[in-house]
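Accompanying notes for the structure given below.
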């Protein structure tokens, strides 16, 4: 019975724990004085504050630009850049971005950093599902729905 329980363990669980530890150390060493906003296991490091009268929430129409980076004990090489204008809702974005964008303000620029637990469910464009990621996000606009 114990073999069945341990045999079904998520193989990425230990990887995610290691990555989360690396993320915490990275934030403590590089951004100790920055505002860090945790949300459901995802960290948003506020680089430039925005208009604090409006905050992104699930269901809002959001408009942002982003650069995606691989994370391995720090922000590594970029693998994508682009923009997104659409409703912030479950399943439209990877979980890490979804959770990190919640609470952002127009004009805010932040790093959103998260373990593989909140990344891609499968290999996408050569990025494995076991990869920690970081996104630099600039929130252009939010329209509450």
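Consider the candidate values [x] 53, 23, 13; [y] 27, 17, 14; [z] 29, 22, 12; state which one is semi-axes √(5λ) of the Cα gyration tensor in Å computed from the structure displayed. For semi-axes √(5λ) of the Cα gyration tensor in Å, the calculated option is [y]. Considering the zone a paramagnetic label at residue 80 would reach in this model (a point 7 Å from Cα along the Cα-to-Cβ line), which residues of the range 97-122 have amide N under 18 Å from it? Only 97-102, 110-122 pass the distance filter. Footprinting exposure proxy ranking of 25, 117, fewest other C-beta atoms within 10 angstrom first, gives 25, 117.
Apply the a/c threshold of 1.5 to the C-alpha gyration tensor of the range 39-104 and tell me whether it is rounded, prolate or oblate. Since a/c reaches 1.5 and a/b is larger than b/c, the shape of the range 39-104 is classed as prolate. Cβ crowding within 10 Å, taken as a proxy for footprinting-reagent exposure, orders 121, 141 from fewest neighbours to most as 121, 141.
Counting only the Cα atoms, the range 66-145 fills a convex hull of 92 Å³ per residue.
Distance between the pseudo-spin-label points of residue 25 and residue 144 (7 Å out from Cα toward the beta carbon): 4.2 nm.
To the nearest µm²/s, what D does Stokes-Einstein give for the range 12-54 at 37 °C and 0.692 mPa s, using the Kirkwood radius over alpha carbon pairs as Rh?
279
Ranked for footprinting exposure by Cβ neighbours inside 10 Å, fewest first, 108, 102 give 102, 108. Compared with the dominant Cα axis of the chain, that is its longest principal axis, helix 13-30 is turned about 40°.
Each reported figure results from applying straightforward, stated rules to the coordinates on display, with no laboratory input. What you see is a predicted model, and the numbers here were worked out from it, not measured in a lab. Here Cβ is always computed from backbone atoms with ideal geometry, including for glycine, and neighbour counts include all displayed protein chains.
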